[in-house]
Amino acid sequence: MSAAAPPSRASLFKPNRERNRRNELIVKAIFGIFAFVSVLTTLGIVFTLIFETYEFFKEIPLIRFLTETRWTPLFPSAQFGIVVLLSGTFSTTLIALLVAVPLGLLSAICLSEYATPRARNLLKPALEVIAGVPSVVFGYFALLFVTPLLQSFIPGLQGFNTLSAGMVLGIAITPLVASLSEDAIFAVPSSMREGAYALGATKRETIVSVVLPAALSGIVASIVLAISRAVGETMIVAIAAGLTPNLTLNPLEPAQTMTSFIVQVSLGDTPTGSLAYKTIFAVGMTLFLLTLVLNIFSYWFVRRFQEKYE
């Protein structure tokens, strides 16, 4: 009796096309649901802010919100000058940038252009560990260590001040600037560096004149993202800068930021639906619009000045 012929190679692999299409549809549906939930969550946040902010401005005219120079919504003689909170937010953010941009950018240049591959693989994760430190730890570090240290040689520095809050906030956002800037600098093709060296440029001249301009869009994007992070920071400024609404740009004095005011009211005994309660959403909408403008600018700048390489 003759042996059965072995099955052909084509018959060994017969994929179930119908089942594959069905599985692909299921996967697409799951991904679509998650995407829809994220979009729906964002829309819910925006609509909540818009509705509650509208209720606030039904009682307080917009002109008062923009022109008054005191912020005392929890007092009997309430005033609602958002410029007071904006000044505190601006002060801490500016000081933080003065610390984070030089530190972060120089760290990025060192890691990308001067460090050996092994040193880069060790130093970059170590730098990014700072980003994982809880902000409340940074806040008490600023209050209990940095402020007494500064008071030893800066006369008139108060216990709560924007200087120490801004400096520690700058340390907190340094990994953001350093990591993203380093990625942008590292992505510049080696051929551009080699071309500069062939023309007789030194390493410093190559970095300043070739590498940094080529990575400019990524560097600016990292700085704008760091600004958004600093503007939205809560615990560091609430602990170290204090909760005193003070219209000043003096870094030696206490000040209140928009986020610290939201924390103050949220943790208090403010009745739901009261005018003081509605100020949370008015301040939150201001903060949302501010970060939205920053993100739009970052997106435009990256698209406008992004370098494309073959």
Q. Looking at (1) farther than 24 Å from L127 by Cβ; (2) modelled with pLDDT of 90 or more; (3) of a type in the set (S, T, Y), can you tell me which one Y197 breaks?
A. (2)
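Has the range 291-307 got at least one residue that is over 30 Å from I109 (Cβ atoms) and surrounded by fewer than 17 Cβ atoms within 10 Å (Cβ to Cβ)? Write out each step before concluding.
Residues of the range 291-307 over 30 Å from I109 (Cβ atoms): 292.
In the following step, the residues that additionally are surrounded by fewer than 17 Cβ atoms within 10 Å (Cβ to Cβ) were identified as 292.
Yes, the range 291-307 contains at least one residue that is over 30 Å from I109 (Cβ atoms) and surrounded by fewer than 17 Cβ atoms within 10 Å (Cβ to Cβ).
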Q | Selection from the range 177-200 of residues that are open to solvent by 30 Å² or more (accessible area, probe 1.4 Å) and among the small types (G, A, S) | A | A187, S190, S191, G195, A198, G200
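Filter the range 259-272 down to the residues that are open to solvent by less than 30 Å² (accessible area, probe 1.4 Å) and under 20 Å from S77 (Cα atoms) and list them by number. So that I can check it myself, show each step before the final result.
Looking only at the range 259-272, we keep the residues that are open to solvent by less than 30 Å² (accessible area, probe 1.4 Å), and these are 259-261, 265.
Of everything in the range 259-272, those that are open to solvent by less than 30 Å² (accessible area, probe 1.4 Å) and under 20 Å from S77 (Cα atoms) turn out to be F261, V265.
With the structure loaded, tell me whether R22 is at pLDDT below 85 and open to solvent by 100 Å² or more (accessible area, probe 1.4 Å) or whether it fails that test. Spell out the reasoning first.
Working: at pLDDT below 85: yes; open to solvent by 100 Å² or more (accessible area, probe 1.4 Å): yes.
Spelling it out, R22 is indeed at pLDDT below 85 and open to solvent by 100 Å² or more (accessible area, probe 1.4 Å).
Listed residues F13, F36, F75, F56; which is at pLDDT 85 or above and open to solvent by 100 Å² or more (accessible area, probe 1.4 Å)? Even if it seems obvious, please write down each step before you answer.
Details: F13 fails: at pLDDT 85 or above; F75 fails: at pLDDT 85 or above; F56 fails: open to solvent by 100 Å² or more (accessible area, probe 1.4 Å).
Going through F13, F36, F75, F56 in turn, the sole match is F36.
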Q) Of (1) open to solvent by less than 60 Å² (accessible area, probe 1.4 Å); (2) over 30 Å from E55 (Cα atoms), V237 satisfies all except one. Which? A) (2)
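Tell me the helices (runs of 4 or more DSSP H) entirely within the range 84-154 that contain at least 1 residues that are surrounded by fewer than 16 Cβ atoms within 10 Å (Cβ to Cβ) and of a type in the set (D, E, K, R). Don't jump to the end; show me each part of the working.
On the way: elements: 117-128, 135-141, 147-151.
Fully inside the range 84-154 and qualifying: 117-128.
Of the residues L143, L157, which single one is under 25 Å from L249 (Cβ atoms), at pLDDT below 90, aliphatic (A, V, I, L, M) and touching a Ser or Thr at 6+ places or on another chain (Cβ under 8 Å)? Walk me through how you get there before you give the answer.
Numbers: L143 fails: at pLDDT below 90.
One residue alone meets the criteria, L157.
Can you find a residue in the range 236-253 that is at pLDDT 85 or above and touching an Asp or Glu at 6+ places or on another chain (Cβ under 7 Å)? It would help to see each step written out before you state the result.
Step one: of the range 236-253, the residues at pLDDT 85 or above are 236-253.
Among the residues that remain, those that are also touching an Asp or Glu at 6+ places or on another chain (Cβ under 7 Å) are: 246.
Yes - at least one qualifying residue is present in the range 236-253.
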Q.
Would you confirm whether or not the range 163-172 contains a residue that is closer than 30 Å to T206 by Cβ and either part of a helix (DSSP H, G or I) or open to solvent by 10 Å² or more (accessible area, probe 1.4 Å) (or both)?
A. yes
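Regarding the range 273-289, can at least one residue be identified that is under 24 Å from the mean Cα position of the chain (by Cα), open to solvent by 50 Å² or more (accessible area, probe 1.4 Å) and of a type outside the set (S, T, Y)?
yes
The values are calculated or read from the model by the stated rules, or taken from the named source; none is laboratory data. This one's a predicted model, so the numbers in the text were calculated from it and none came from an experiment. Heads up, the Cβs are rebuilt from the backbone with ideal geometry, glycines too, and the neighbour counts pull from every protein chain shown. These area figures cover heavy atoms from the full protein model, side chains too; ligands, DNA and RNA do not enter into them. Shrake-Rupley method; radii C 1.70, N 1.55, O 1.52, S 1.80 Å.
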